[in-house]
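Inspection log for the structure reproduced underneath, given as structure tokens.
The values are calculated or read from the model by the stated rules, or taken from the named source; none is laboratory data. Because the structure is predicted, anything quoted here is derived from the model rather than measured. Cβ placement follows ideal geometry from the backbone for every residue including glycine, while neighbour counts extend to all protein chains displayed.
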Amino acid sequence: MKMTVDREITLRMAKAAQLHIEPEQVGRMMDSINDILDFCALVGDLDCEGTPDFMWKMKKLPARRPDAPKDWPERELFESKAPAFEGEFFKVPRIIVEG
Amino acid sequence: MELYELSAKETAEGVKSKKFSAEDATRACLDRIDKFDAKVNALITLTAEDAIAKARAVDEKISKGEETGPLAGVPYLAKDNFCTSGVRTTCSSKILEAWVPTYNASAINYMNDSGAVLLGKTNLDEFAMGSSTENSIIGPTKNPRDMNRVPGGSSGGSAASVAAGYAPLALGTDTGGSVRQPAAFCGVQGMKPSYGQVSRYGIIAYASSLDQVSPLARTVEDIAVVMESLARPDSHDTTCDAYDRPKFTDAISLEDLKGKRIGVFEGFESSQMDAELYGSLRKAAELCEASGATVEPMDLPIAVKYGVATYYVTALADASSKLACYDGMRYGAHIDGKSLNEMYVNTRTASFGEEVRRRIILGTCLLTEGFYQNYYGPALKVRQKMVDEFDELFEKFDAYILPTSPSLPYLLGMKETDPNRLYLGDIFTVPISLGGLPGISLSMGLNGEGLPLSVQLVGQRYFDAELLGIAAVLERAIGRPAVANPGLPGTSNSGKGAA
């Protein structure tokens, strides 16, 4: 079934994706999403009764690595890649804000 | 022949037999980059000093009589979405503009182990989302065969580099045609292996259920040599198959196509695609027949009608999940905010380009209640129907010939405003990706205006070696692509041409 988004859904989707859309750009984003939804609704037209969902099949599954903790001697190297780091932790803003 | 014109195999043989050194071969390629890349703009990062050091190490091993690997001293380039330890990896995005990984992608390690010399990292559409290599933080790459045109994408920097003689080899990634289409636009050979053939570990993902590491070269033989280095089990990637691969270089010694059954795609009106590309399809069919193959028309009604829509639902949903990891906290760009959520939003909004933001929002939409049931769920079933269609045809044929692209390389800046029409440019490549099949874009020479012609060869999943064999037979009849001299007169293929 073909579906569309309105301005409210467009903004809700952007919020879920942790993105901001400037008010003057919402209409353009909404139209663009609706164009693609309109085109992609084709996937609902094919009779797939009895067809299973697609899953990759493999000839031979890869060996699993041992599920065990291991040391990371490069810890400081990884920490150095973080844009903001303090002590032993990634530096983040307050998670709970007042008001 | 100049050193930069040699194939990878010829370069490795020359280095090993001390006809010239790995350093000579590396410097010849670096000179080409120095001469042309200010105009072509195919490279994001050049690693010249490291390359010279690596080449000298190869030369030293050879002088001591030590084992050097099948790609000893062969210069190559990698798309800038392969993690390279100590070398920045931008994915053409502001969000990773200054990021320097701490580890190599498995494919980079395998190339190192084979003796290859990394010259640098190539341009791409941001996060591999695009098909023209115009959507990048360093600006567009130009097509070395015609500097007014796009090189295709998203691996346009890698394809342009191989065409311009920066290196005999380059690595790209192919999600829905991102190596095959630029190979076709730049007049080189490009192969997307079967899904599961090559490890994706250390590749910055666009759509994990489709992405494959994919080589580009000027000869089919070089593709086979690289595949032998790249295709192996890897416990770091659970989608990388653990089966024993065949010897790809043995397969290309195939002398003719006697006994082969080749299907030639006829499910698209000739008026719906470029006439010369349609002619290339006919020419390839004739060459197959002349080489002893049985050639019959074939069609892919489900794949052609539903492939692009299925691909976009699948790829965008994948992308919205994968790109959630860019949070401005652990690595990459960071823009402060008053709260955690505000920091996420500020970082992602300012650091992802418009096309990437659009695809993430669309992918998020496709995975929410209602949209999932009407789009993502049905797409999973249609994808299985397409696989069934391919399997049924492979009972009749050993390989198919399809166009790679319905059009010749288009002019730079001709951004298609209707996204649906733009996506139809991928109509012949995305179904092959959805089915996990191996596909090779094979150069068919140049047209009268010097623009590359091509066809796409498609094989059964895991029959990559057999497909390379068929491609090698056709390449011998067509001629291998020559190096282009970007912006200079006389850029042409040595090939006999086609169509």
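Worth a mention:
- Checking B:Gly307 against (1) at pLDDT 95 or above; (2) over 30 Å from B:Leu474 (Cβ atoms); (3) touching a Pro at 6+ places or on another chain (Cβ under 6 Å), the condition it does not meet: (2)
- Test: residue in the range B:334-343 that is under 15 Å from A:Ile21 (Cβ atoms), without any contact (Cβ under 8 Å) to a residue 60 or more places away in the chain, in contact with a helix residue (DSSP H, G or I) (Cβ under 6 Å, 6 or more places away or on another chain) and surrounded by 16 or more Cβ atoms within 10 Å (Cβ to Cβ): no
- Which listed residue is under 15 Å from A:Ala41 (Cβ atoms) and either acidic (Asp, Glu) or at pLDDT 95 or above (or both), from B:Ala350, B:Ala379, B:Ala319, B:Ala315: B:Ala379
- Selection of the range B:367-383 for residues being of a type in the set (A, V, I, L, M) and under 20 Å from B:Pro431 (Cα atoms) yields B:Ala379, B:Leu380, B:Val382.
- Residue within the range B:47-56 that is crowded, with 24+ Cβ neighbours inside 10 Å and either in a loop (DSSP other than H, G, I, E, B) or of a type in the set (S, T, N, Q) (or both) present: no
- Inter-residue pairs, beta-carbon under 8 Å, first charged (D, E, K, R) and in the range B:29-51, second part of a helix (DSSP H, G or I), 6+ apart: B:Asp31/B:Tyr4; B:Arg32/B:Tyr4
- Checking each residue of the range B:5-24 against the condition of being under 24 Å from B:Asp234 (Cβ atoms) and either crowded, with 16+ Cβ neighbours inside 10 Å or of a type outside the set (Gly, Ala, Ser) (or both) gives at least one match.
- Filtered by the rule that a residue be in a helix (DSSP H, G or I) and touching a Pro at 6+ places or on another chain (Cβ under 7 Å), the range B:431-465 gives B:Asp464, B:Ala465.
- Any chance B:Asp237 is within 14 Å of chain A (Cβ to nearest Cβ), assigned to a loop (DSSP other than H, G, I, E, B), surrounded by fewer than 24 Cβ atoms within 10 Å (Cβ to Cβ) and over 17 Å from the mean Cα position of the chain (by Cα): yes
- From the list B:Gly490, B:Gly479, B:Gly436, B:Gly448, the lone residue that is buried (at least 21 other Cβ atoms within 10 Å of the Cβ) and either away from chain A (no Cβ under 14 Å) or at pLDDT 95 or above (or both) is B:Gly436.
- Boolean, B:Arg245 is within 14 Å of another protein chain (Cβ to nearest Cβ), without any contact (Cβ under 8 Å) to a residue 40 or more places away in the chain and of a type in the set (Lys, Arg): no
- Scanning the range B:316-331 for residues that are facing chain A (nearest Cβ under 7 Å) and either within 14 Å of B:Leu96 (Cα to Cα) or surrounded by fewer than 20 Cβ atoms within 10 Å (Cβ to Cβ) (or both) turns up B:Gly328, B:Met329, B:Arg330, B:Tyr331.
- Criterion (part of a strand (DSSP E or B), crowded, with 24+ Cβ neighbours inside 10 Å and modelled with pLDDT of 95 or more) met by exactly one of B:Ser214, B:Ser178, B:Ser161: B:Ser214
- Scanning the range B:302-314 for residues that are out of contact with any helix residue (DSSP H, G or I) (no Cβ under 6 Å at 6 or more places or on another chain) and either buried (at least 24 other Cβ atoms within 10 Å of the Cβ) or at the interface with chain A (Cβ under 10 Å from one of its Cβ atoms) (or both) returns a single hit, B:Lys305.
- Hey, B:Ile95 of a type outside the set (Asp, Glu), over 16 Å from the mean Cα position of the chain (by Cα) and assigned to a helix (DSSP H, G or I) or not: yes
- Of all the numbered requirements in (1) more than 23 Å from B:Gly165 (Cα to Cα); (2) within 14 Å of chain A (Cβ to nearest Cβ), B:Val87 misses one, and that requirement is (1).
- The number of residues in the range B:69-88 being surrounded by fewer than 24 Cβ atoms within 10 Å (Cβ to Cβ) and under 16 Å from B:Val226 (Cβ atoms) comes to 2.
- Exactly one residue out of B:Cys91, B:Cys29 is surrounded by 21 or more Cβ atoms within 10 Å (Cβ to Cβ), of a type outside the set (Ser, Thr, Tyr) and on the phi > 0 side of the Ramachandran plot: that is B:Cys91.
- Restricting the range B:370-379 to residues that are more than 25 Å from the chain's Cα centre (by Cα), surrounded by 17 or more Cβ atoms within 10 Å (Cβ to Cβ) and at the interface with another protein chain (Cβ under 7 Å from one of its Cβ atoms), the residue that is farthest from A:Ile9 (Cα to Cα): B:Pro378
- Single match in B:Thr404, B:Thr347 (criterion: of a type in the set (Val, Ile, Thr), closer than 30 Å to B:Glu269 by Cα and surrounded by 17 or more Cβ atoms within 10 Å (Cβ to Cβ)): B:Thr404
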